[in-house]
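S.K.: A single structure is presented below for examination.
Taken together, the values in this text are just the output of simple stated rules run on the coordinates, not laboratory data. If you're wondering where the values come from, they're calculated on a predicted model, not measured in any experiment. Virtual Cβ from ideal backbone geometry, glycine too; neighbours counted across all protein chains shown.
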Amino acid sequence: MTDIAVLGTGTVGSALGARLGQTGHHIYYGVRSADTQPPDGLLQRSGANAQAGTCAAAIAASRAVLLAVPWDQVRGILATAGDLTGKILIDCINPLTSDLKDLQFGHTTSAAEQIAEWHPTARVVKAFNVLSAAVMADPRFGATRATMFYCGDEAEAKALIGRLAEQLEFEPVDCGPLRAARWLESMAMLYVHLAIFGGWGGECALKMMKR
């Protein structure tokens, strides 16, 4: 089992944190101050070992860090979060514009690559970004599992993400180096477009198939 800091207790952080905790991982929610508590019931849904504390305390106690905060808050939060050397940063963020109709940047770089540039001693893996919170909570569509795409430059870090995805009942697909985050973030933009503006809603998922 892995000690995982979850930064962000919105729909994404809550869904992934609770499910990872239910599979036996130790979840440590990072909050703004020692006096802040996660949303009602989240600790109880996140397993017997779940707890909350400052972001710095959560990161210090954990091997992996799940980033589930808005893109414009990432740099400030990580800048005050302590030593990230060797930490596996699981980036599930999409750098969306405020109207959710476009990416702030893409094609020549990505949010994941930017995070890796800011924190070169951390091990960044892009994952869990092409999904709704509803699919994170339940990735099964009958007998079919939703695909969970991920990418990164470090084999050991990616191996952990693949295992986590399997435990959460996704079909994991390794997309190669962190540079592929450019395509995953663009894929997420398509997902948002269909789910929000195309009328599909959040109960849909992408599936990779081969013969």
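S.K.: Based on the alpha carbon coordinates of the chain, what radius of gyration and maximum Cα-Cα distance (Dmax) apply, in Å?
M.R.: 15.9, 53
S.K.: May I ask which residue of LEU194, HIS25, ALA143 lies farthest towards the positive end of the charge dipole of the chain, with charges of +1 (Lys, Arg) and -1 (Asp, Glu) on Cβ and the Cα centre as origin?
M.R.: After comparing all options, I get ALA143.
S.K.: Once the principal axes of the Cα atoms of segment 72-127 are found, what is the range along each, listed largest first in whole angstroms?
M.R.: Largest to smallest, the principal-axis extents are 35, 21, 17 Å.
S.K.: Assigning unit charges at the beta carbon (Lys, Arg +1; Asp, Glu -1) and nothing else, what dipole magnitude in debye, to the nearest 20, does segment 9-106 show about its Cα centre?
M.R.: Details: 7 positive and 7 negative charges, 52 e Å.
The calculation lands at about 240 debye.
S.K.: So, one more: Determine the distance separating the Cα centre of segment 7-44 from the Cα centre of segment 148-195; give it in Å without decimals.
M.R.: When both Cα centres are located, 21 Å separates them.
S.K.: To continue, here is another question. Where q = 0.10 Å⁻¹, what log10 of I(q)/I(0) comes from the Debye formula for segment 114-211, counting one point per Cα?
M.R.: -0.28
S.K.: Mind pulling up the Rg/Rh value for segment 148-191? Radius of gyration and Kirkwood radius, both on Cα. Before the final figure, lay out the partial values.
M.R.: Numbers: Rg = 10.5 Å, Rh = 10.7 Å.
Rounded to two decimals, Rg over Rh is 0.98.
S.K.: Enumerate the amide H contacts of TYR29 below 5 Å, restricted to partners 5 or more residues apart or on another chain; note that Pro and chain-start residues carry no placed amide H.
M.R.: For TYR29, the qualifying residues are VAL6, GLN51, ALA52, GLY53.
S.K.: Listed here are the pairs LYS101/LYS158; LYS126/LYS207; LYS87/LYS207; LYS101/LYS210; which of them are more than 21 Å apart at the Cα?
M.R.: On the way: LYS101/LYS158 30 Å; LYS126/LYS207 17 Å; LYS87/LYS207 30 Å; LYS101/LYS210 31 Å.
Table pairs above 21 Å Cα-Cα are LYS101/LYS158; LYS87/LYS207; LYS101/LYS210.
S.K.: Which are the unpartnered cysteines of the chain, meaning those with no other cysteine Cβ under 4.7 Å from their Cβ?
M.R.: CYS55, CYS92, CYS204
S.K.: Using the 2.2 N^0.38 Å rule of thumb for compact globular proteins, work out how segment 1-125 stacks up: its C-alpha Rg over that value, please.
M.R.: On the way: Rg = 14.2 Å, N = 125, 2.2 N^0.38 = 13.8 Å.
Against the empirical 2.2 N^0.38 Å value, I get 1.03 for segment 1-125.
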